[in-house]
Amino acid sequence: MAKSHASFVCQNCGAVAQRWQGRCEACGAWNTIAEESASSGIGARATQGARKGRVFGLSHLHEEDQPAPPRVTTGIGELDRVTGGGFVPGSVLLLGGEPGIGKSTLLIQACAALAASGRRVVYISGEEAVDQIRLRALRLGLAASPVELAAETSVEDIVATLSHGKRPSLIVIDSIQTMWTDLIEATPGTVSQVRGAAQALIRFAKTTGAAVILVGHVTKDGQIAGPRVVEHMVDAVISFEGEGGQNFRILRAVKNRFGPAGEIGVFEMTGRGLAEVLNPSALFLSSRDTTAPGAAVFAGMEGTRPLLVEIQALVAPSPLGTPRRAVVGWDNARLAMVVAVLEAHAGVKLGQCDIYLNVAGGLRVGEPAADLAAAAALVSSLSGLSLAADSVYFGEIALSGAIRPVAHGLVRLKEAAKLGFCRATIPLGAPENAETPLRDLNVQSCAHISGLVTKIAAGNSQSGKSRG
Ligand code: TYD
Ligand code: MG
């Protein structure tokens with residue numbers, strides 16, 4: 001028998017510590033270490049009695065007639081795009097997001113859409129009573145949908161129930177943190193229970209061929225184990241994000257074994273559930289002030305889709321010894337780099353200024369291609385010269401001050417042209433405006449950061465053709 005002794009597991013990242021600590025050394029989260037019984041893990045049984053190995057057959061990589069995995073599409077375009085064209089039977093998808101962001105709402109809508117096409121869909125909630133789910137469905141206008149419901153938390157009971165009858169096409173488990181398995185003696189919500197329950201459900205998906213969606217709450221204080229502990233076990237990880245106080249929500253494929261990662265879907269939370277946003281660029285630019293200095297439109301890419309967003313900067317002389325730098329929606333380190341390059345290679349004095357940078361609309365931009373737009377916004381705010389309202393920017397800034405080309409230049413320009421923009425400032429060597437939709441676009445390439453600063457100072461501010 002294995003000796004039973006306690007171990008201390010971070011509920012945020014799953015790292016194991018030798019003793020209790022206030023802060024996890026692996027992920028840096030505070031107050032997330034909890035004591036768990038080490039002999040209760042799934043691996044514990046193996047040490048109790050050695051088993052002889054079973055001989056299994058091996059298959060070849062070049063298997064003939066291997067069809068592409070069939071897909072189960074919901075008909076909700078923004079969701080199907082993020083999953084890579086629909087759910088794959090036998091796969092497990094993790095949907096993560098903060099409580100209240102709309103995960104349950106999105107999934108009940110997806111379930112109803114699938115059930116409407118005659119498939120068997122089961123929605124299991126460990127958080128809400130069946131009546132509560134019905135009430136929500138009523139509010140969404142989906143009360144008549146043939147989705148099967150249950151309020152259950154025991155994984156063994158769920159597996160036993162779903163093993164009977166017609167194989168479900170889709171099973172939603174809302175949420176994985178409320179599930180528990182008999183195999184593990186730990187409270188629901190701890191790392192070992194979340195892992196154990198996920199393992200059992202993944203095994204069920206693989207053996208039956210049903211697509212399973214696990215909902216995972218992400219909490220900042222780490223009171224419950226984060227979905228991160230199961231991210232490596234599932235086939236796809238999709239996160240649902242949104243900014244407090246704003247109605248749009250972004251569904252983002254963080255990992256996808258059956259499709260491209262980085263793909264996004266945009267939704268708007270309405271009084272009747274989540275509605276698809278078909279033209280997100282227009283939405284993100286809808287409420288911008290085109291005359292104020294310090295705003296630049298970035299022609300970005302999210303996955304395979306172009307997306308225009310406004311980058312706002314505020315630069316003001318600092319009363320503090322160490323000026324304040326705050327960034328929302330972009331990377332802190334990238335801002336520091338762009339500021340340093342502007343100082344060193346373009347003579348823009350930002351050292352004694354407080355700097356605030358914000359990506360409008362609550363979007364998180366991860367691309368280095370946003371460097372040029374951020375630099376333009378900073379220079380514009382510092383100089384008080386507003387940028388042309390009909391202008392877009394993209395390009396990566398190197399430490400030497402050179403502006404480097406980025407991928408998908410043409411796609412970005414086409415999106416800008418489609419939305420009525422007339423000018424684009426882009427890196428050298430990016431696509432020419434030869435194609436028809438780009439004829440109206442005045443594309444100027446910029447090789448060095450000092451060129452951008454000169455251009456803004458020389459009155460890039462007077463607008464040319466007005467937006468049409
Ligand atoms: P929910 O799906 O319960 O969030 P999660 O499962 O991620 O915790 O969404 C809850 C929020 O969504 C709640 O604050 C109310 C809002 N909401 C709407 O605005 N409109 C709607 O039609 C519904 C059903 C919810
Ligand atoms: Mg919920």
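The values are calculated or read from the model by the stated rules, or taken from the named source; none is laboratory data. Remember, predicted model here, so these are calculated numbers, not experimental data. In this analysis, Cβ positions are derived from the backbone assuming ideal geometry, glycine residues included, and neighbour counts consider all displayed protein chains. The accessibility values were calculated without ligands, DNA or RNA, using every heavy atom of the protein model including side chains. Shrake-Rupley method; radii C 1.70, N 1.55, O 1.52, S 1.80 Å.
Checking each residue in the range 308-326 for being more than 14 Å from ALA373 (Cα to Cα), of a type outside the set (Lys, Arg) and in contact with a strand residue (DSSP E or B) (Cβ under 7 Å, 6 or more places away or on another chain) picks out VAL315, ALA316, PRO317, SER318, PRO323, ALA326. Restricting attention to the range 18-58, the residues being at pLDDT 85 or above and basic (Lys, Arg) number 3. Among the listed residues VAL359, VAL365, identify the single one that is over 23 Å from ILE456 (Cα atoms), within 29 Å of the chain's Cα centre (by Cα) and surrounded by 17 or more Cβ atoms within 10 Å (Cβ to Cβ). From the options VAL359, VAL365, the qualifying one is VAL365. Scanning the range 267-282 for residues that are surrounded by 14 or more Cβ atoms within 10 Å (Cβ to Cβ), within 16 Å of ligand 1 (Cβ to nearest atom) and touching a residue at least 12 places away in the same chain (Cβ under 8 Å) yields a total of 7. For the range 117-187, the strands (runs of 3 or more DSSP E) that sit wholly inside it and include 3 or more residues that are open to solvent by 10 Å² or more (accessible area, probe 1.4 Å) are 148-151. Looking across HIS217, HIS232, one residue alone is without any contact (Cβ under 8 Å) to a residue 12 or more places away in the chain and under 30 Å from PHE204 (Cα atoms). It is HIS232. In the range 260-278, the qualifying residues are those that are on the phi < 0 side of the Ramachandran plot and under 15 Å from the mean Cα position of the chain (by Cα), and the one that is nearest to ligand 2 (Cβ to nearest atom) is PHE267. With respect to the stated conditions, LEU114 fails to be touching a helix residue (DSSP H, G or I) at 6+ places or on another chain (Cβ under 9 Å) and more than 12 Å from ligand 2 (Cβ to nearest atom).
Test SER386 against the criterion of being open to solvent by 10 Å² or more (accessible area, probe 1.4 Å), in contact (Cβ under 8 Å) with a residue 60 or more places away in the chain, part of a helix (DSSP H, G or I) and closer than 18 Å to GLY459 by Cβ, and give yes or no. Steps first, answer last, please.
Working: open to solvent by 10 Å² or more (accessible area, probe 1.4 Å): yes; in contact (Cβ under 8 Å) with a residue 60 or more places away in the chain: yes; part of a helix (DSSP H, G or I): no; closer than 18 Å to GLY459 by Cβ: yes.
No.
Being hydrophobic (A, V, I, L, M, F, W, C), under 19 Å from PHE240 (Cβ atoms) and in contact with a Pro (Cβ under 9 Å, 6 or more places away or on another chain): is that true of VAL194 here? Answer is yes for this residue. Which condition breaks for CYS353 when tested against (1) more than 31 Å from the chain's Cα centre (by Cα); (2) farther than 21 Å from ILE456 by Cα? Unmet condition: (2).
Scanning the range 76-94 turns up one or more residues that are of a type in the set (Gly, Ala, Ser), part of a helix (DSSP H, G or I) and under 20 Å from LEU274 (Cα atoms).
Entry remark, the range 95-122: residues being away from ligand 1 (no atom under 14 Å from the Cβ), touching a strand residue (DSSP E or B) at 6+ places or on another chain (Cβ under 9 Å), over 23 Å from LEU278 (Cβ atoms) and of a type outside the set (Val, Ile, Thr) number 3 in total. Considering (1) touching a strand residue (DSSP E or B) at 6+ places or on another chain (Cβ under 8 Å); (2) within 16 Å of ligand 1 (Cβ to nearest atom); (3) of a type outside the set (Asp, Glu), the lone condition that GLY189 does not fulfil carries the number (1). Residue pairs whose Cβ atoms lie under 6 Å apart, sitting 6 or more positions apart in sequence or on different chains, and linking a residue in the range 85-113 that is within 17 Å of ILE176 (Cβ to Cβ) to a partner that is open to solvent by 20 Å² or more (accessible area, probe 1.4 Å) and near ligand 2 (Cβ under 9 Å from one of its atoms), are PRO99/HIS217. It is to be established whether one or more residues within the range 187-197 are of a type outside the set (Val, Ile, Thr) and over 22 Å from GLU98 (Cβ atoms). The answer is yes, given that some residue of the range 187-197 is of a type outside the set (Val, Ile, Thr) and over 22 Å from GLU98 (Cβ atoms). Kindly indicate the residue of the range 71-94 that is open to solvent by 20 Å² or more (accessible area, probe 1.4 Å) and out of contact with any Ser or Thr (no Cβ under 9 Å at 6 or more places or on another chain) and also farthest from ligand 1 (Cβ to nearest atom) among those meeting that condition. Per the stated criteria, the residue is GLY84.
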